[in-house]
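The values are calculated or read from the model by the stated rules, or taken from the named source; none is laboratory data. In this text, all values refer to a predicted model and were calculated from it rather than measured experimentally. Heads up, the Cβs are rebuilt from the backbone with ideal geometry, glycines too, and the neighbour counts pull from every protein chain shown.
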Amino acid sequence: MTHNPVYDYGGQIYSYAHYGYLDGIQGRDPNPRLEGVPEYDEGWLRGEADRDNPERLSVLDEVVIKKGDTVLIPKGTLRHSMKDGNRPLGRTTKVTLHDVYPMIPAYIDHRTNDFTYPEAPKVTWAGAGGYWCRADVRAVTKVEE
């Protein structure tokens, strides 16, 4: 099994594809130490192409909420529940967060050669009946107490 190579970049270790994507979407020139690595180059080209895509750029926004915060999740937000899968919320919901999971980095699946874009961080909370629920962090608003 072939693994996607990694490179230590500012204390975090991600795939070359992710570093290329970050450099490209943020408008930086290719890193001369990584240029020529196929995974880095593909990530950079995809990031460069996504520079004007607000949805892709919002994945990189800083997360200002943390475990234990109370947040509002608006009606219609797509949430995943261990009870009934993916469904939009039927009403605006106020919850206390159990956890905030970090961004899933970009990578290239070496079995299929598919590029997977970074996914935004997710928040989790205990839903109805104690089933865990998860939603995109970009959809929630912190409640100031």
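See the values below:
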{"item": "Qualifying position, being over 30 Å from residue 41 (Cα atoms) and under 14 Å from the mean Cα position of the chain (by Cα), among 106, 139, 126, 120", "result": "139"}
{"item": "Residues being among the aliphatic types (A, V, I, L, M) and surrounded by fewer than 12 Cβ atoms within 10 Å (Cβ to Cβ) - total across region 86-145", "result": "1"}
{"item": "Some residue of region 35-44 being at pLDDT below 90 and acidic (Asp, Glu)", "result": "yes"}
